Amino acid sequence: MPDPSTTSWGQSNQFLQRAYDLTGAADAEQLYNEWADSYDFDIVHEYASPQRAVEAVIKNLDDNKPNFKILDAGCGTGLVGDEFKKSSLNGKFTLDGLDLTPGMLAAARKKNIYTDLETADLTKPINRTDGSYDVVTCVGTLTKGHVGPAVLNEFVRVVAKGGLVVGTVHEDIWESGGFKSVVEGLEKAGQASVVSTDGFGILKGEWSGGIMLVLRKK
Ligand SMILES: C[S@@+](CC[C@H](N)C(=O)[O-])C[C@H]1O[C@@H](n2cnc3c(N)ncnc32)[C@H](O)[C@@H]1O
């Protein structure tokens, strides 16, 4: 999610400002239900994370399967789905989405890209069986005031052996929010290998602001 202080439109975007000041799931649901109808219009011209996350998935998918089963956690209105559809994976994926906010899921549903869209609070265990996806993406949701690092354990659990977890983490909370330490724990426990933790630009034309976390399940 973009930083309102560095965007040309951020000053006037009350929603974006409120998003970084969220205090919990109830607050998040209220904000995103209000924002759902204008969310794509408000941010799509400057927001690069969905495209960059899909590029990271494609770069690291080494299995040439006819169909990849993907879970987009914190899918919002489905901007990640839009990018998968525009990508070389079009026609080769089945995409499910989870999100806290019914209004955001309703917007995603209209795009007809996602097979299964369900409400879920990612601060709680994910209602999916172990190893049921080839890829989990989580974009713009591992950020200030949103979802903490414990969910990474759940992402690794629901991905199949050799599968990928690709998440964008706001750089301000990579260490202070405990993401780096949870990732190191997963690696130490032999559950996942860290493919990359490169810095990337959350905004188009920029090259910093987020960490693109790519894990491969062992
Ligand atoms: C900035 S939006 C990102 C949406 C989409 N992935 C994108 O990049 O456009 C953050 C999303 O996180 C969701 N969210 C916030 N807290 C959550 C939680 N505890 N569990 C699940 N989703 C949550 C919101 O409903 C919202 O759709």
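The values are calculated or read from the model by the stated rules, or taken from the named source; none is laboratory data. This structure is a prediction, so every number in the text was calculated from the model and none was measured. When we count neighbours, we look across all protein chains shown, and the Cβ atoms used for this are built from the backbone with ideal geometry, even at glycine. Side chains are part of the model used for accessible areas, which takes the heavy atoms of the whole protein and leaves out ligands, DNA and RNA. Shrake-Rupley method; radii C 1.70, N 1.55, O 1.52, S 1.80 Å.
Taking every C-alpha pair closer than 8 Å and separated by at least 6 residues, the mean separation divided by the residue count of region 1-133 gives a relative contact order of 23 percent. Local charge for Asn64 was computed over the other residues whose Cβ lies under 14 Å away, with Lys and Arg +1 and Asp and Glu -1, and equals -1.
The apolar share of the surface of region 102-218, taken as the fraction of accessible area on carbon and sulfur atoms (1.4 Å probe, ligands and nucleic acids excluded), comes to 49 percent. For the residue pairs Lys110/Lys204; Lys188/Lys218; Lys110/Lys144; Lys69/Lys217; Lys86/Lys111; Lys144/Lys180, the alpha carbons lie more than 20 Å apart in Lys110/Lys204; Lys110/Lys144.
Between Glu29, Glu118, Glu175, the GNM of the chain built on Cα springs shorter than 10 angstrom shows Glu175 fluctuating the most. If you take every residue apart from Gly78 with its C-beta less than 10 Å away from the C-beta of Gly78, what net charge results, scoring Lys and Arg +1 and Asp and Glu -1? Here the charged neighbours net out to -1.
Which of rounded, prolate or oblate describes the chain when judged by the alpha-carbon gyration tensor and an a/c cut-off of 1.5? In terms of gyration-tensor shape, rounded.
Taking only the C-alpha atoms of region 68-111, Rg followed by Dmax gives 10.1, 30 Å. At the listed q of 0.17, 0.23 Å⁻¹, the Debye profile of region 70-170, built from one uniform point per Cα, gives log10 I(q)/I(0) equal to -0.70, -1.32. Any idea what % of Cα-Cα pairs in region 105-218 are farther than 21 Å? Within region 105-218, distances greater than 21 Å cover 38 percent of Cα pairs. Extent along the principal axes, Cα only, for region 28-81: 40, 22, 16 Å, with the longest axis given first. Heavy-atom accessible surface of the chain, averaged per residue, reaches 45 Å², computed with a 1.4 Å probe. Taken one residue at a time, the phi angles of region 76-90 give Karplus couplings (6.51, -1.76, 1.60, θ = phi - 60°) of x, 7, x, 5, 5, x, 4, 6, 4, 5, 7, 8, 5, 8, 4 Hz. Gly and Pro are set to x. The sum of -39500 (n - 2.57) across all DSSP H runs of n ≥ 4, divided by the residue count of the chain, sets its helix-only mean residue ellipticity at 222 nm to -8500 deg cm²/dmol.
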